[in-house]
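Peer 1: I am attaching a structure below and will ask some questions about it afterwards.
Nothing in this text is a laboratory measurement; each read-out follows from the coordinates by a stated rule. This is a predicted model, so every value here is computed, not measured. All Cβ positions, even for glycine, are placed from backbone atoms using ideal geometry, and neighbour counts span all protein chains on display.
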Amino acid sequence: MTHITLHRLGPDDHALLLRLNAMFAVAFDDADTYEGAPPDEAWARETLGRPNVIALAARDGEAVVGGLVAYELDKLESRRREVYLYDLAVAESHRRQGIATRLIDHLRAIARERGAWVVYVQADYGDEPAIALYTKLGVREDVMHFDLPLDGVA
């Protein structure tokens with residue numbers, strides 16, 4: 001196995017963010033979303049500078065071979081936080097080496113340091129590798145997800 005390093009992206013990591021998004025584009029087969037309208041440097045600086053935005057890149061040398069993006073959410077029902085793991089992928093050439101687990105473990109450490117009580121993640125039906133990984137690491141809840149469009153809202 002190669003030597004993989006993990007890096008939390010910060011305000012100065014615009015170029016690394018573009019490489020992370022390029023890896024997501026290939027892994028998710030979704031170039032339109034991840035490369036169609038890339039964030040400019042000012043947007044990346046502002047967004048990656050927020051403590052509630054957590055982006056991690058797994059690198060093999062300079063190559064981005066995995067990564068995740070998560071968002072810390074402050075709750076109002078009590079004084080607590082949750083972290084939503086939004087994107088997680090590992091390049092096909094580096095799968096089955098424990099990189100996803102290392103990324104999630106690093107995220108969980110950050111979440112704990114930030115005072116979160118849980119990290120949660122959504123998996124799509126049929127995505128058996130993701131379901132197996134998340135089942136190994138956590139407790140499954142069957143929920144429904146809805147996208148509420150903003151068109152036509154006054």
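Peer 1: Using the scaling law 2.2 N^0.38 Å as the reference, what is the normalised Cα Rg of segment 59-154?
Peer 2: That ratio works out to 1.25.
Peer 1: Exposed loop chymotrypsin sites (Phe, Trp or Tyr not before Pro) only (DSSP loop, at most 14 other Cβ atoms within 10 Å): please give the longest stretch of the chain free of them, not including the sites.
Peer 2: Answer - 29-124.
Peer 1: Another question, then. Can you list the DSSP H helices in the chain whose Cα atoms extend at least 27 Å along the helix axis and whose mean Kyte-Doolittle hydropathy is 0.5 or higher?
Peer 2: Span-like helices in the chain: none at all.
Peer 1: By the gyration tensor of its Cα atoms, with a ≥ b ≥ c the square roots of the eigenvalues, what is the shape of segment 4-137: rounded for a/c under 1.5, prolate for a/b over b/c, or oblate?
Peer 2: Oblate shape, in that a/c is at least 1.5 and b/c is the bigger or equal ratio.
Peer 1: Label D29 and D12 with points 7 Å out from Cα along Cα→Cβ: what is the distance between them in nm?
Peer 2: Distance between label points: 3.9 nm.
Peer 1: Go from 0 up to the bin containing the longest alpha carbon distance in segment 1-69, width 10 Å each, and give me the % of pairs per bin.
Peer 2: 22, 53, 23, 2
Peer 1: Please arrange V69, V139, V53 by how many other C-beta atoms lie within 10 Å of their C-beta, fewest to most.
Peer 2: Least crowded to most crowded, the residues run V139, V53, V69.
Peer 1: Could you calculate the FRET efficiency of T135 with T5 from 1/(1 + (r/R0)^6), where r is the beta carbon distance between them and R0 is 41 Å, rounded to 0.05?
Peer 2: 0.90
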